[in-house]
Structure formats: C-alpha cells, structure tokens
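The values are calculated or read from the model by the stated rules, or taken from the named source; none is laboratory data. What you see is a predicted model, and the numbers here were worked out from it, not measured in a lab. Cβ: placed from backbone, ideal geometry, glycine included. Neighbour counts: every protein chain shown.
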Amino acid sequence: MPGIPLLEWPVINLRHTVTHYLTQRQTFTSIGAEPGDLRLVVRAWLTLRAPDRYLYRVHLESDISLPGQAPIKTYATEGEALGSSVRWVTASDQEPIAEATSQALQQLATQIEADRGLLIKGTRP
C-alpha cells in the first residue's frame with residue numbers, strides 16, 4: 001500500500017503511557033522510577049499490517065517481580081486499531097497506536113488487579 005515506511009514509536013512515549021495509565025487507574029498504590037516492593041517490566045511490540053486499511057497491533061509481555069528475583073507472574077496482552085488507508089505522515093500513526101496500546105494496557109491492568117492477592121502474598125516474607 002502507498003505511504004511512508006518509517007513507523008515512529010519512541011520508547012519514552014510508551015514509558016509515559018504505561019506510567020500514566022496505571023497511575024490514573026490506580027492499579028498500584030504508587031508508581032515511580034525508584035525501587036519499590038514490586039517491579040513491573042513491560043516489553044512491547046508494534047506491528048503494522050496493510051490489508052485494505054492499516055492495522056496497528058500492540059503486543060505487551062509483562063513481568064511482575066520482587067526486585068532482583070524471578071517473576072511472580074508473567075502477562076501477555078494485545079490491542080489493535082485500524083488506521084487510515086494511506087499513511088501520509090507519521091503523525092497519522094499516533095492515534096491508532098495510542099488506541100491499540102490503551103486496549104493492551106486495559107487488559108494488563110485487569111489481569112494484574114485480578115491477581116492482587118497473589119501479588120500481595122508474593123511481597124510478604
């Protein structure tokens with residue numbers, strides 16, 4: 001399909017989006033860059049397919065662990081959104097990327113919240 005090949009998704013945007021989403025949703029008591037009781041590591045993949053309209057898919061794999069230890073739990077989530085049929089500028093990617101990321105984060109937060117008891121138990125000696 002016609003358009004531009006470059007797909008921009010800076011890691012700082014993802015980091016800010018994850019932090020902001022989980023803070024707003026209050027999934028955790030507090031969120032910060034300093035070491036805490038739990039550590040959340042999020043790895044992300046963004047794929048772009050072009051059947052007739054551009055399809056953006058965000059895949060997140062996340063681990064929750066105590067600092068310096070093996071994961072207590074691992075999660076995998078996905079979100080997807082349709083974009084336009086033509087990519088004229090990379091700015092047109094931002095809305096569908098944000099929508100797909102939001103869907104994946106919603107699934108992640110729901111899974112983490114469902115495991116609250118397990119995670120609290122994992123932080124106690």
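Points worth noting:
- Residue in the range 33-44 that is exposed (fewer than 14 other Cβ atoms within 10 Å of the Cβ), among the aliphatic types (A, V, I, L, M), farther than 16 Å from Ala98 by Cβ and in contact with a Lys or Arg (Cβ under 6 Å, 6 or more places away or on another chain) present: no
- In the range 12-32, the residues that are among the hydroxyl-bearing types (Ser, Thr, Tyr) and surrounded by 11 or more Cβ atoms within 10 Å (Cβ to Cβ): Thr17, Thr19, Tyr21, Thr23, Thr27
- Residue satisfying condition, being modelled with pLDDT under 95 and not aliphatic (A, V, I, L, M), within set Glu61, Glu99: Glu99
- Among the residues listed as Leu119, Leu105, the single one being in contact with a strand residue (DSSP E or B) (Cβ under 9 Å, 6 or more places away or on another chain) and either modelled with pLDDT of 90 or more or within 21 Å of Trp9 (Cα to Cα) (or both): Leu105
- Failed condition for Ile112, given (1) at pLDDT below 90; (2) β-branched (Val, Ile, Thr); (3) farther than 19 Å from Trp45 by Cα; (4) crowded, with 17+ Cβ neighbours inside 10 Å: (1)
- Sole residue being surrounded by fewer than 16 Cβ atoms within 10 Å (Cβ to Cβ) and at pLDDT below 85, chosen from Ala91, Ala70, Ala76: Ala91
- Unmet criterion (only one of (1) within 12 Å of Thr17 (Cβ to Cβ); (2) buried (at least 18 other Cβ atoms within 10 Å of the Cβ); (3) at pLDDT below 95) for Gly83: (1)
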